[in-house]
Amino acid sequence: MKKVAVVILNYNGRKMLEEFLPSLLRHTSEHLAEVIVADNASTDDSVEFMRANYPSIRLILNETNGGFATGYNLALKQVEAEYFVLLNSDIEVTPDWIRPVVELMDSDATIAACQPKILSYHHKDEFEYAGASGGFIDRFGYPFCRGRIFQHLEKDEGQYDSPMEVFWATGACMFVRSDIFLSQGGLDDSFFAHMEEIDFCWRIKNAGYKVYCCPQSKVYHIGGGTLPKNSPRKTFLNFRNNLSLLLKNLPSGHVFPVIFLRIFLDWVAALKFLFEGGWADFIAVFKAHFAFYGRIGMLRKKRKTNEHHRVSCIYRRGIVVDSMLFGMNAFSSLKKNSFSK
């Protein structure tokens, strides 16, 4: 058994595999890690490509496309390693990208998940949207990153190069202890895709573990490989899943007021879509809310008895107000004493 299993979940990503597998194999030590491709019932020639060009790489074939969450859950049950790495197919890794993260996690058994620094593949001096230098969340459930607040992407000038505890680690490149991933039930299948990594990280933090970012490792991410940023389907999943993770993980006394306010703010966002001509996104928010209402019973059953565990790295202010009204669009401009400890 290798210490690390790097698992790429692929769906119709033959072009990405062709482009990024060579550098992944070049920069991944064979004695430390095994590279595995889990195919999510692709309809392109991904499987044929892998069998013809990389016959030595283990290929796990999922019978159906259950999305990011179910795809990884099915695949990782078949993998043995101390650490799993959930790696997107549209990521270019760099030399020695695994060692710093593993050394950090080896040094502290309470670190259950960790991510490297995520930079933009197309603008290599900028942080990338999906993770940047570690993920956070505000008191109302809005996610943001060290290096990315909403659509504002900072340039990487080494300002966030210190390893630090964060709220969530990106699913684009997440290192996670295999025993904790499996014991916590993996990713939530009902999310399909988007925000399932935030839900997972919140659950493991509720269980008393830590989530970290290790910027001494860096990778470059294209982003939007499966669903583009302007996809109504992506809008639907983001709005539905954001409400879902709040209902699942908020302490009891916070559930109703936070979700009530979020629903109101979601409709403000929906009206903004409408005024900007985004009819499809407006309808997606409408559908997301009704889908959420239909899942309330199921989601309430998933709430854990350890929900009152004091969780660190929550921004106790509102990031929407701080960003849009006060111009706090750099993580360094946020008040450090506003984060829960």
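The values are calculated or read from the model by the stated rules, or taken from the named source; none is laboratory data. Remember, predicted model here, so these are calculated numbers, not experimental data. We place every Cβ from the backbone using ideal geometry, glycine too, and count neighbours over all the protein chains shown.
Residues in segment 323-341 that are assigned to a loop (DSSP other than H, G, I, E, B) and aliphatic (A, V, I, L, M): 325, 328, 330, 334.
Regarding segment 215-224, can at least one residue be identified that is touching a helix residue (DSSP H, G or I) at 6+ places or on another chain (Cβ under 8 Å), in contact (Cβ under 8 Å) with a residue 40 or more places away in the chain and outside any loop (DSSP other than H, G, I, E, B)? Checked against the condition, which is being touching a helix residue (DSSP H, G or I) at 6+ places or on another chain (Cβ under 8 Å), in contact (Cβ under 8 Å) with a residue 40 or more places away in the chain and outside any loop (DSSP other than H, G, I, E, B), segment 215-224 yields at least one hit.
Conditions tested, residue by residue: (1) assigned by TED's automatic domain parsing to the domain that holds residue 81; (2) crowded, with 18+ Cβ neighbours inside 10 Å; (3) charged (D, E, K, R); (4) more than 17 Å from residue 88 (Cβ to Cβ).
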position: 130; (1), (2), (3), (4): yes, yes, no, no
position: 142; (1), (2), (3), (4): yes, yes, no, yes
position: 145; (1), (2), (3), (4): yes, yes, no, no
position: 151; (1), (2), (3), (4): yes, no, no, yes
position: 157; (1), (2), (3), (4): yes, no, yes, yes
position: 166; (1), (2), (3), (4): yes, yes, no, yes
position: 179; (1), (2), (3), (4): yes, no, yes, yes
position: 185; (1), (2), (3), (4): yes, no, no, yes
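In the set (1) surrounded by 22 or more Cβ atoms within 10 Å (Cβ to Cβ); (2) among the β-branched types (Val, Ile, Thr); (3) more than 25 Å from residue 318 (Cα to Cα), the condition left unmet by residue 102 is number (1). Once segment 157-192 is narrowed to residues that are over 26 Å from residue 341 (Cβ atoms) and part of a loop (DSSP other than H, G, I, E, B), the residue that is farthest from the chain's Cα centre (by Cα) is 157. Taking segment 206-217 as the range and being at pLDDT 95 or above and crowded, with 21+ Cβ neighbours inside 10 Å as the test, the residues that pass are 211, 212, 213, 214, 215, 217. Taking the criterion of being closer than 22 Å to residue 97 by Cα and of a type in the set (D, E, K, R), the residues of segment 10-64 that qualify are 18, 19, 26, 30, 34, 58. Note on segment 52-82: residues that are over 20 Å from the mean Cα position of the chain (by Cα) and farther than 20 Å from residue 5 by Cβ amount to 4. Within the set 112, 69, the sole residue that is in the same structural domain as residue 163 (by TED's automatic domain parsing), assigned to a strand (DSSP E or B) and closer than 30 Å to residue 160 by Cα turns out to be 112.
Figure legend. Inter-residue proximity from segment 260-279: first residues of a type in the set (Lys, Arg), second residues in a helix (DSSP H, G or I), beta-carbon distance below 7 Å, spacing 6+ or different chains. Indicated pairs: 262/243; 262/246.
Exactly one residue out of 18, 30, 34 is part of a helix (DSSP H, G or I) and either in the same structural domain as residue 79 (by TED's automatic domain parsing) or within 14 Å of residue 65 (Cα to Cα) (or both), and it is 18. Evaluate segment 256-267: report whether one residue or more is surrounded by 13 or more Cβ atoms within 10 Å (Cβ to Cβ), more than 18 Å from residue 240 (Cβ to Cβ) and charged (D, E, K, R). No, because not a single residue in segment 256-267 is surrounded by 13 or more Cβ atoms within 10 Å (Cβ to Cβ), more than 18 Å from residue 240 (Cβ to Cβ) and charged (D, E, K, R). Among the candidates 89, 162, 107, the residue that is within 28 Å of residue 39 (Cα to Cα), hydroxyl-bearing (Ser, Thr, Tyr) and out of contact with any Lys or Arg (no Cβ under 6 Å at 6 or more places or on another chain) is uniquely 89. Only residues that are farther than 14 Å from residue 186 by Cα and either without any contact (Cβ under 8 Å) to a residue 12 or more places away in the chain or not hydrophobic (A, V, I, L, M, F, W, C) (or both) were counted in segment 67-115, giving 18.
Of everything in segment 42-51 that is of a type in the set (S, T, N, Q) and part of a loop (DSSP other than H, G, I, E, B), the residue that is farthest from the chain's Cα centre (by Cα) is 43.
Note on segment 232-322: enclosed helices (runs of 4 or more DSSP H) holding 3 or more residues that are more than 24 Å from residue 193 (Cβ to Cβ) are 252-275. Within segment 232-251, residues that are among the small types (Gly, Ala, Ser) sit with their Cβ atoms under 9 Å from residues that are crowded, with 21+ Cβ neighbours inside 10 Å and outside any helix (DSSP H, G or I), at 6+ positions apart or across chains, in these pairs: 244/188; 244/195. Take the residues in segment 24-61 that are of a type in the set (Val, Ile, Thr) and more than 21 Å from residue 92 (Cβ to Cβ); name whichever of them is surrounded by the most Cβ atoms within 10 Å (Cβ to Cβ). Ranking the qualifying residues of segment 24-61, first place goes to 60.
Per the listing 321, 311, 285, the residue uniquely of a type in the set (Val, Ile, Thr) and within 16 Å of residue 238 (Cβ to Cβ) is 285.
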